[in-house]
1. What order do you get for 224-230, 293-299, 169-175, 274-280 when each peptide is scored by the mean count of other beta carbon atoms within 10 Å, highest first?
2. Rounded, prolate or oblate: which one fits the chain, using the alpha carbon gyration tensor with axes a ≥ b ≥ c (rounded when a/c is under 1.5, else prolate when a/b beats b/c, else oblate)?
3. Could you line up Ser21, Ser197, Ser315 from fewest to most neighbouring Cβ atoms inside 10 Å?
4. Loop only per DSSP, at most 15 neighbouring Cβ atoms within 10 Å: give me the trypsin sites (Lys or Arg not before Pro) in segment 37-120, ordered by residue number.
5. If you build a Gaussian network model of the chain, linking Cα atoms that sit under 10 Å apart, which residue out of Thr18, Thr45, Thr218 swings the most?
6. Running a GNM on the chain with Cα contacts under 10 Å, which residue among Glu110, Glu74, Glu95 ends up with the highest mean-square fluctuation?
7. Order these by the 10 Å Cβ neighbour count, fewest first: Met180, Met242.
8. For segment 155-346, what relative contact order do you get, as a whole percent, if you take Cα pairs closer than 8 Å and at least 6 residues apart?
Amino acid sequence: MELAVTHLRTLVGLATRTDPSPLPPVQDIISHIQSLYDSGRPFHTKDLLQCIKVQLRDARDGIIQTIRVPGVDEVIVEFPVMTGQVFPTPEQGMELIVRNPCIEYLSVQELLQDCDLRDENLAYNHIQIGHYRFLRNIHTKVLYSDLSVASVPDASELLRRSSRIWENTTQCQALRAILMSRKDISISRIVGLALGSFATVYPSLQDRSAFQHALLLTLRDISCNMQNIAQQSIPCFAQDPMCNIVDITAAEDAGIKILEDPDGFLEIDDSTVVFSCAPDIPVRQIVLDLARPAVLIWDKLRNEDDDDHSADPASPRVMTCLRNIYEEFEFPDYDEHFGDLAVYIRRN
Ligand SMILES: C[S@@+](CC[C@H](N)C(=O)[O-])C[C@H]1O[C@@H](n2cnc3c(N)ncnc32)[C@H](O)[C@@H]1O
């Protein structure tokens, strides 16, 4: 994985719809997308993510110059690979260098609401291709980096300390009790999504991220105790493009493998525990299209339309699934390190 430097931003390149027929008026496109959604067909599938993953790898290796992604209408849209292009930036003495392509996920709400604002080539694209951009010195071309936890031992110590504190809280004990009350569920892996970087420059985000990664280890411990199996039997994964080489190494030492997008999603199945906290992407919509994981710990379901403007809004499909298939429990927050989450355990 490439060293991720702070000030990571993405941009979407020019896209071309491969079907040249003119598109219908926006209102008709919206009705079409709505009817596709209402049909219940999953918009996110492992086959689609796997196909994009292979193309991202081939683009990074210089084998392909275009990434092809189908919209929800199944028409392919082509995105040019922009790696190596340089853009100006207002930051003094800096420029932006475009590096690897990456996936941009849109919620169904964004797909429907912003239809008239998007390039019409992207009218149907809930998955688009963006690129990571990094700040670098305009003269020396050295990437800008200001990691505040710059060494792996420091990051490991932060993770260990956070784990110790979290494990001794009444909140952690309460979470253990909730999960231990359902020893009948079978768990084979833990996946954390969008847990941030604990080797970051922002102290408040750093602590949240360290506690959130610590929670992954707690979840693994609980799952192993529930099933009376050894700790190594349950792998622990996390996916967040903000993670840098210091996060990756320290997390690995603690037993958490940090994966590139979309590998975290590809690990999820019905025997997974998924934990996500304040993601920038529609995690709930993606995950519930892919599987019915055994346990979900993520944003508490609010009333209809409450969170339409969040980056991870519930959707009618998410609400129906959570209400019909899962039992909801209070998630005990600690020191605002997690937020207003809930624990969802699949009913058998
Ligand atoms: C608002 S921050 C939340 C970070 C942390 N969970 C917290 O509560 O402070 C949103 C996070 O979503 C992450 N994110 C964005 N795209 C993602 C992707 N494709 N997969 C996983 N995480 C992603 C961002 O990198 C960022 O760390």
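1. Descending mean neighbour count gives 293-299, 274-280, 169-175, 224-230.
2. Here the chain falls in the oblate category.
3. Ser21, Ser315, Ser197
4. none
5. The residue that fluctuates most here is Thr18.
6. Ranking Glu110, Glu74, Glu95 by mean-square fluctuation puts Glu74 first.
7. Met180, Met242
8. Computed over segment 155-346, the figure is 23 percent.
Taken together, the values in this text are just the output of simple stated rules run on the coordinates, not laboratory data. Owing to the predicted nature of the structure, the values given are computational and were not obtained by experimental measurement. Don't worry about glycine lacking a Cβ; one is built from the backbone with ideal geometry, like all the others, and counts go over all protein chains shown.
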